[in-house]
Amino acid sequence: MSRTLLKNAKVVNENNIVETDVLLDGEFIARIDADISDANVQIIDLKGDLLLPGIIDDQVHFREPGLTHKGTIATESRAAIAGGITTFMEQPNTVPQTTTIEKLEEKFAIAARDASANYSFLFGGTNDNLEELKRLDKNACSGVKLFLGSSTGNMLVDDEAVLEKIFSNTEMVISAHCEDEGTIRANMFKYQEMYGDDIPIELHPIIRSEQACYLSSSKAIALAKRTGARLHVFHVSTGIETDLFTNEIPLEEKKITAEVCIHHLWFSDEDYAEKGTLIKWNPAVKTKTDRKKLWKALLDDRIDVVATDHAPHTLEEKKNPYTTAPSGGPLVQHALLAMLQKEKEGVITLEKMVEKMCHNPAKLFDIDRRGYIREGYYADLVQVNRNSKEEVKKANIFYKCGWSPFEGVTFDSKVMRTFVNGHLAYDNGIFSEKKNAKRLTFNR
């Protein structure tokens, strides 16, 4: 078992920043103390750099199987560890869709072979797989994913009776994509009549509107309250939706939780003029006012988690006319850097950022021994230098699709090293050839 001593770390963890040493023994954190001495270890001097728990991203689309021209579990998990993400939860809208236990286990087999970061998957609920869902062990995977609005892969669940049965028949977290399909279709019809397929991208947040989001999320929340289901609303994008969530009880007691994504915290509808379909996401990036309210809800704990919704497409695909340009973009390599930039701007503290990106995903999904820097926990750790600038350009992008919505941005921080289960998986641009990632286990 390898032993590594991280000296002179500035550890950000559990609402504190402490200068300390951290001893890793094999997969685990063995000791945290102010001055550790041990002759039989590899010593890495962090020289006052930040040491964070590995980021846990509860929503990614790594495109395997079936869409591997866009990305694979191998390529996108490498990009993830370069960005300090040590754990990912991947979504079911692949080809074939992850809607049977057999297909779920096939994905786990791919990840066991190829993943550079720890992994789990969400099981896709559909209009006709309730019996399969009932067979799924509550500790088998992260949870259940429902598309209540159509998106890439079209797994829309629109049968009201089925929805009620799903909500009533699983103990797992139900993560939902909430957009009202009827509203979107009516808006799309209106603007296709006016523009054909070449609808101006600026109309995307009008088509996939505030009303579409609110109608769907409020309906899902009402259903969760009625059935007692455990609901997690993915990628909240509007200010009005934030009032649907509470900060009056601790996260551990919440039955209804919310996530916000990096792109909704960074971009606004004013960026469509420059970025075009590169920032076409579902739900859409909306107004500066929405963005401001999302930040407020994140900081006052109505929103619980920050994630990426990493969803790569080729640049060629993204340059299609509006109706055929797919929604989604690559984010795992730059999500932490974007949040650190907001910390430097005084928008969020390091402690709150770590809470939302590390501690809370671990709590929310009952993940075993991850998300914190604690003795006895898995050594998933990220070293960040706060004084090294990094410009995002094609030469340093690790996504298979080869582009980023952040191209041209210079971040004021840099991910130096990433440890996955005690193994130095990424070291200043160099990836380890050894795979040390693990399937997530849960305490449910």
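Determine, yes or no, whether Glu171 is acidic (Asp, Glu), open to solvent by less than 20 Å² (accessible area, probe 1.4 Å), part of a loop (DSSP other than H, G, I, E, B) and in contact (Cβ under 8 Å) with a residue 60 or more places away in the chain. No; evaluated as a whole, the condition is false for this residue. Taking the criterion of being part of a loop (DSSP other than H, G, I, E, B), in contact (Cβ under 8 Å) with a residue 60 or more places away in the chain and open to solvent by 60 Å² or more (accessible area, probe 1.4 Å), the residues of segment 411-444 that qualify are Lys435, Lys438, Thr441, Asn443, Arg444.
If the condition is being of a type in the set (Gly, Ala, Ser) and buried (at least 24 other Cβ atoms within 10 Å of the Cβ), then segment 46-73 contributes Gly54, Gly71. Scanning segment 367-410 for residues that are open to solvent by 20 Å² or more (accessible area, probe 1.4 Å), in a loop (DSSP other than H, G, I, E, B) and among the acidic types (Asp, Glu) yields Asp368, Glu375, Glu407.
Candidates Thr99, Thr72, Thr86: the one that is among the hydroxyl-bearing types (Ser, Thr, Tyr) and farther than 24 Å from Ala258 by Cα is Thr72. Note on segment 209-235: among residues that are of a type in the set (S, T, N, Q) and over 18 Å from Lys288 (Cα atoms), the one that is surrounded by the most Cβ atoms within 10 Å (Cβ to Cβ) is Ser217. Taking the condition open to solvent by less than 70 Å² (accessible area, probe 1.4 Å), among the acidic types (Asp, Glu) and more than 21 Å from Pro283 (Cα to Cα), does Glu193 pass? Answer is no for this residue. Condition check: open to solvent by 30 Å² or more (accessible area, probe 1.4 Å), β-branched (Val, Ile, Thr) and part of a strand (DSSP E or B). Does Ile43 satisfy that? When the stated conditions are applied, Ile43 passes them. Where helices (runs of 4 or more DSSP H) sit wholly within segment 236-333, those with at least 1 residues that are basic (Lys, Arg) and open to solvent by less than 30 Å² (accessible area, probe 1.4 Å) occupy 315-318.
Kindly indicate whether Phe108 is within 21 Å of the chain's Cα centre (by Cα) and in a strand (DSSP E or B). Considered against the rule, which asks whether it is within 21 Å of the chain's Cα centre (by Cα) and in a strand (DSSP E or B), Phe108 comes out as no. Checked against the criterion of being more than 22 Å from Phe365 (Cα to Cα), open to solvent by less than 10 Å² (accessible area, probe 1.4 Å), touching a residue at least 12 places away in the same chain (Cβ under 8 Å) and outside any helix (DSSP H, G or I), segment 197-208 contains one or more residues that satisfy it. Taken as a whole, the condition of being at pLDDT 95 or above and among the acidic types (Asp, Glu) applies to Asp57. The number of residues in segment 12-35 being open to solvent by 10 Å² or more (accessible area, probe 1.4 Å), assigned to a strand (DSSP E or B) and in contact (Cβ under 8 Å) with a residue 40 or more places away in the chain comes to 8.
The values are calculated or read from the model by the stated rules, or taken from the named source; none is laboratory data. Model, not experiment: these values are computed from the prediction. Please note: Cβ atoms are built from the backbone with ideal geometry, for glycine as well, and neighbour counts cover all protein chains shown. These accessible areas exclude ligands, DNA and RNA; they are computed on the full protein's heavy atoms, side chains included. Shrake-Rupley method; radii C 1.70, N 1.55, O 1.52, S 1.80 Å.
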